[in-house]
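Enquirer: Structure below; questions to follow.
The values are calculated or read from the model by the stated rules, or taken from the named source; none is laboratory data. For clarity, every value in this text was computed on a predicted model and none was experimentally measured. Quick reminder, even Gly has a Cβ in these numbers, built from the backbone with ideal geometry, and neighbours come from all protein chains shown. Heavy atoms of the whole protein, side chains included, go into the accessibility calculation; ligands, DNA and RNA do not. Shrake-Rupley method; radii C 1.70, N 1.55, O 1.52, S 1.80 Å.
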Amino acid sequence: MIAISLKVLGYFIVFLSAVPLIRKDYWTFRVVEYPRLQKLLLTVAILVLSLVFIRTDDIWDYVFLGALLINTGYLCYLVYPFTPLAPKTMLNAAVADDRHGLSLLVSNVYQYNRRVDDCLRLYRRIDPDLILLLETDSWWTEHLSELESDYPYRVLHPRDNTYGIALYSRLPLSEEKVRFLVEDDIPSVSAIVTLRSGQQVQFFGLHPTPPVPQENPRSTERDKEILLIGREAKKCRLPVIVAGDLNDVAWSYTTDLFLKTSGLLDPRMGRGFFNTFDAPYPLFRYPLDHVFTSNDFTVADLKRLPNCGSDHFPMYIRVQYNPQAKKVQEEPEAAPEEKELAEEKIKKPV
């Protein structure tokens, strides 16, 4: 009975690992991309137990063990870039220079969360140059008003549909815009941030909808918004930072396509997963909150911050603008068929 149970569960995990290879937008194909590390740990556990409880009496037992071994290797290959064993795509900053540095805190506050005092204490302690908040309604905007004395530059667009967005900055902002790139009720922000050195940086903040039945049964809208920002980032002549809750994991094929078509880098690669959601459930956490930069930035600090009542952990990053970094930090490049796929997704009707 134990052997049969292990085989059923083992083949099911192998099946779940293979499903994301089907490049369909429907939520059932996209959501199973999220628990990659969990699938790896389950596969290894089932493999170990199978070696103990399954008697290799016939070829099908060997087929099963082989499938588990292949799945373990495949998932290790996919997980490896987000472990400290992998090379860093973004180098550590050689020096901390406030003139060329920028610090950013990104947090999905959870609209119905009321622990605003805890959030404010965290923001004061971390003291970032920019704060990007998601799911801010008018209640949150009102109760965060004391930030305004320290952050004189702001882009605030509260909404009561869990897609409000707020950008607070102590660095000068220009060309600030609230945009609705794909859906009429899903805003994103863009602005040019001027560093203390005078260098300008293009910033994009976004929070597309997830592929879940109660919101969008397909990932079409999410993928389209992410790739639209990627296309803009590629064309931009300024250094670029993209941040937000993308409702997509760092290793998904959409995020990979975004990186290749935008030319941006993921600072987590070679440093860790930095799982930010779901905060209350340690066994079911995924990296949904992101910061990507152009290859003229290096990383001075990167960490996940304590939870303040949300279902997301905040993320903090400090980057240094260094044009010389371009010489050693390779910019991702999309193959012609990947560029074609990105354009196809962007043009797809929603």
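Enquirer: Taking only Cα atoms, what is the 0 to 90° angle, nearest 10, from helix 220-235's long axis to the longest principal axis of the chain?
Expert: Value to nearest ten degrees: 60.
Enquirer: Name the chymotrypsin sites (Phe, Trp or Tyr not before Pro) in the stretch 147-204 that are in a loop by DSSP and that have at most 16 other C-beta atoms within 10 Å, would you?
Expert: Taking the stretch 147-204 and a limit of 16 other Cβ atoms within 10 Å, the loop chymotrypsin sites (Phe, Trp or Tyr not before Pro) found are Phe180.
Enquirer: Find the Cα radius of gyration of the stretch 260-320, compare it with 2.2 N^0.38 Å by division, and give the number to two decimals.
Expert: 1.20
Enquirer: Which one of Ile131, Ile186, Ile54 has the biggest mean-square fluctuation once the chain is modelled by GNM with Cα springs under 10 Å?
Expert: Among Ile131, Ile186, Ile54, the largest GNM mean-square fluctuation belongs to Ile54.
Enquirer: Same structure, new question: If I build a Gaussian network model for the chain, linking alpha-carbon pairs within less than 10 angstrom, which residue out of Asp289, Asp98, Asp256 has the largest mean-square fluctuation?
Expert: Highest fluctuation among the options: Asp98.
Enquirer: Now for a separate question. So what are the ³J(HN,Hα) numbers for the stretch 289-304, from phi and the Karplus equation (6.51, -1.76, 1.60; θ = phi - 60°), rounded to whole Hz, Gly and Pro as x?
Expert: So the Karplus estimates, Gly and Pro as x, are 9, 10, 9, 10, 9, 6, 7, 9, 10, 10, 9, 8, 7, 8, 7, 8 Hz.
Enquirer: Using only the alpha carbons of the chain, what is the convex hull's orientation-averaged projected area in square nanometres?
Expert: Approximately 19.0 nm², given one-decimal rounding.
Enquirer: How many Å³ per residue does the convex hull of the Cα positions in the stretch 186-294 occupy?
Expert: In the stretch 186-294, the Cα hull volume divided by residue count equals 121 Å³.
Enquirer: Have a look at Trp27, His207, Leu171 and report the one farthest towards the positive end of the charge dipole of the chain, computed about the Cα centre with Cβ charges (Lys/Arg +1, Asp/Glu -1).
Expert: Farthest along the dipole direction, towards plus: Leu171.
Enquirer: Enumerate the calculated ³J(HN,Hα) couplings along the stretch 180-190 in order (Karplus 6.51 cos²θ - 1.76 cosθ + 1.60, θ = phi - 60°), each rounded to whole Hz, writing x wherever the residue is Gly or Pro.
Expert: Calculated HN-Hα couplings, in order: 10, 6, 10, 10, 5, 10, 10, x, 9, 10, 9 Hz.
Enquirer: Heavy atoms only, probe 1.4 Å: what % of the accessible area of the chain goes to carbon and sulfur, would you let me know?
Expert: Percent of accessible area from carbon and sulfur atoms in the chain: 58.
Enquirer: Give me the percent of Cα-Cα pairs in the stretch 63-108 that sit more than 18 Å apart, rounded to a whole number.
Expert: Of all Cα-Cα distances in the stretch 63-108, 61 percent exceed 18 Å.
Enquirer: Same structure again: Tilt of helix 36-53 relative to the longest C-alpha principal axis of the chain, in degrees (0 to 90, nearest 10)?
Expert: 20 degrees
Enquirer: Round to the nearest 10 and give me the degree value, 0 to 90, for the angle of helix 59-79's Cα axis relative to the longest principal axis of the chain.
Expert: It works out to around 10 degrees.
Enquirer: Can you give me the pair-distance distribution of the stretch 87-216, C-alpha pairs, 10 Å bins, whole percents?
Expert: For the stretch 87-216, the binned pair fractions read 11, 40, 33, 15, 1 percent.
Enquirer: Write down the accessible area per residue of the chain in Å², having rolled a 1.4 Å probe over the full set of protein chains.
Expert: I get 45 Å² per residue for this part.
Enquirer: Continuing with the same structure: In a Gaussian network model over the chain where Cα atoms closer than 10 Å are linked, find which of Ile46, Ile192, Ile165 has the largest mean-square fluctuation.
Expert: So, out of Ile46, Ile192, Ile165, the one fluctuating most is Ile46.
Enquirer: Taking the alpha-carbon distance from Lys345 and a cut-off under 19 Å, which lysines remain once sequence neighbours fewer than 8 residues away in the same chain are dropped?
Expert: Lys24, Lys224, Lys234, Lys235, Lys260
Enquirer: Taking N as the number of residues in the stretch 244-350, what is its Cα Rg relative to 2.2 N^0.38 Å?
Expert: Here the Cα radius of gyration is 1.19 times the empirical estimate.
Enquirer: Continuing with this model, one more query. May I ask for the Kirkwood hydrodynamic radius of the stretch 1-128, worked out over all distinct Cα pairs and given in angstroms to one decimal?
Expert: Computed over the stretch 1-128, the radius equals 18.9 Å.
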